[in-house]
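Just so it is clear, none of the values below were taken in a lab; they were calculated from the coordinates. All of these numbers come straight from a predicted model, not from anything done at the bench. Cβ placement follows ideal geometry from the backbone for every residue including glycine, while neighbour counts extend to all protein chains displayed.
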Amino acid sequence: MAETLSSTIAEISGLEPTLFFILMAWIMVWKGLAMWRAAKRDSKIWFVIFLIFTTAGILEILYIFIFSKMGGEKTVEQIKKPISKSKKRKK
C-alpha cells in the first residue's frame, strides 16, 4: 500500500516522494505560522487568503516578515486599549 501511495504521489506531483513530503512539511510550517499570526492580529482577510491559496510558503513568509509589520491593521489589544491620560485634551 505504501509503495503504491509513494508512486502515485510521484506521478501526480512530478517529484520524488521524499522531496514531496519535505515540500509539504515546509508549506505547512510557514502556513501555520502565518495563519497563527493573522489570527492573533485579527487579520481575517489574510487568514482566508492563507487558507485558500498555497504558494509554497512564499506568500506566508512575506506576510510574516513584511506585511504584518507594516501596521495597517490594529491588533485586538490596540483597539481595546484605553486612551492614556496624557493623550486626553487638557481643559
* To do: Per residue of the stretch 57-65, in order, report the coupling 6.51 cos²θ - 1.76 cosθ + 1.60 (Karplus, θ = phi - 60°) as ³J(HN,Hα) in whole Hz, putting x for Gly and Pro.
  => x, 5, 5, 5, 5, 4, 5, 4, 9
* Most exposed first by the Cβ proxy, i.e. fewest other Cβ within 10 Å, how do Glu16, Glu60 rank? -> Glu16, Glu60
* Whole-Hz ³J(HN,Hα) from phi, Karplus 6.51 cos²θ - 1.76 cosθ + 1.60, for the stretch 25-41, glycine and proline x -> 5, 4, 5, 5, 5, 5, 5, x, 5, 5, 5, 4, 5, 4, 5, 5, 8
